[in-house]
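K.L.:
Here it is: the structure, laid out below.
Every number in this text was worked out from the coordinates using simple rules, so none of it is lab data. What you see is a predicted model, and the numbers here were worked out from it, not measured in a lab. FYI the Cβ positions are ideal-geometry reconstructions off the backbone, even for glycines, and counts take in every protein chain you see.
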Amino acid sequence: MTHSDDDTAMALRSGIAAFEAREFSRAMGLLLPLAESGHPEAQYRVAIMHQTGLAGVARPDAAFHWMRAAAEQGDPLAQHGLGFMFLSGECVKQDPQQAVLWLERAARQGLAGSRTTLAMLYARGEGVDPDPEAARYWYAQAGFDPDELELLDG
C-alpha cells in the first residue's frame, strides 16, 4: 500500500467514524473528496447525507447522483438505496422496473432486505409481472420459509 493509499484509507475510516458518530459536517468534509475521486463507500454515505439533509439541507439531486455513482460501482448498500429511491420516487422519478433492477443487483450480493423486498414485489406484481415462484425463491434466499408465508397462499 502506498502512502497515498494509506492516506485514503485513513480518510475513509475517519469519515465513516464521523458519520457513525453523527458528526455529519465533519463526515461530509472527509468523505466528499473521496466521493469525488470515485470511492463507492464514500459516495454512498455522501448520498445518504444529501438525501436526508444530515449535513445541512437535503439535496435530492446530489443524493441521487452519489447513490447511482456508488451503485454503478457495485456497492450493494448503494444498489439497495438506489432501488428504494426508484421504488418510492424519492430523489428521482418513480420507476418500479428500475427499482427491481437495482434491488436484484443488491440481492445477488446477499442483502437480505433487498431479497425480501424483491419477494414482496414479485408476490404483489409491483414493477414486475406477478411471479409466485420468483417470490418464493427470493423469500427463501432471504431466510424465510416460503411455505409459512400467507402472502403466497393464494
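K.L.:
Using only the Cα atoms of the chain, each taken as one equal point scatterer with no solvent, compute I(q) by the Debye sum, divide by I(0), and report log10 of the ratio at q = 0.08, 0.09, 0.20 Å⁻¹.
P.N.:
-0.27, -0.34, -1.10
K.L.:
When a/c reaches 1.5 or more, the comparison of a/b and b/c decides; with that in mind, is segment 98-153 rounded, prolate or oblate per its Cα gyration tensor? List each step's numbers first, then the result.
P.N.:
Details: a/c = 2.47, a/b = 1.21, b/c = 2.04.
Judged from the Cα gyration tensor, segment 98-153 comes out oblate (a/c at least 1.5, b/c at or above a/b).
K.L.:
Using Cα pairs under 8 angstrom and six or more residues apart, how large is the relative contact order of segment 39-122, in percent? Provide the component values of the computation, followed by the final result.
P.N.:
Details: 134 pairs, mean separation 17.7, N = 84.
Computed over segment 39-122, the figure is 21 percent.
K.L.:
In percent, what relative contact order does segment 3-78 have, based on Cα pairs under 8 Å that are 6 or more apart in sequence?
P.N.:
It rounds to 23 percent for segment 3-78.
K.L.:
According to the square roots a ≥ b ≥ c of the eigenvalues of the Cα gyration tensor, what is the shape class of segment 3-78, taking rounded for a/c under 1.5, prolate for a/b larger than b/c otherwise, and oblate for the remainder?
P.N.:
Taking the square roots of the gyration eigenvalues as a ≥ b ≥ c, segment 3-78 is oblate.
K.L.:
Hey, what do the phi angles of segment 102-113 turn into as Karplus ³J(HN,Hα) couplings, whole Hz, using 6.51/-1.76/1.60 and θ = phi - 60°, x for Gly and Pro?
P.N.:
6, 5, 5, 4, 5, 4, 5, 9, x, 6, 4, x
K.L.:
By count of other Cβ within 10 Å, fewest leading, how are D95, D6 ordered?
P.N.:
Values: D95 15, D6 10.
With the fewest neighbours first, D95, D6 line up as D6, D95.
K.L.:
Which whole-number percentage describes the relative contact order of the chain, with Cα contacts under 8 Å and a sequence gap of 6 or more?
P.N.:
11 percent
K.L.:
What list do you get for S114, S4 if you sort them by fewest beta carbons within 10 Å?
P.N.:
Working: S114 27, S4 8.
So the ranking, lowest neighbour count to highest, is S4, S114.
K.L.:
Arrange the following residues from fewest to most other Cβ atoms within 10 Å of their Cβ: R115, R26.
P.N.:
R26, R115
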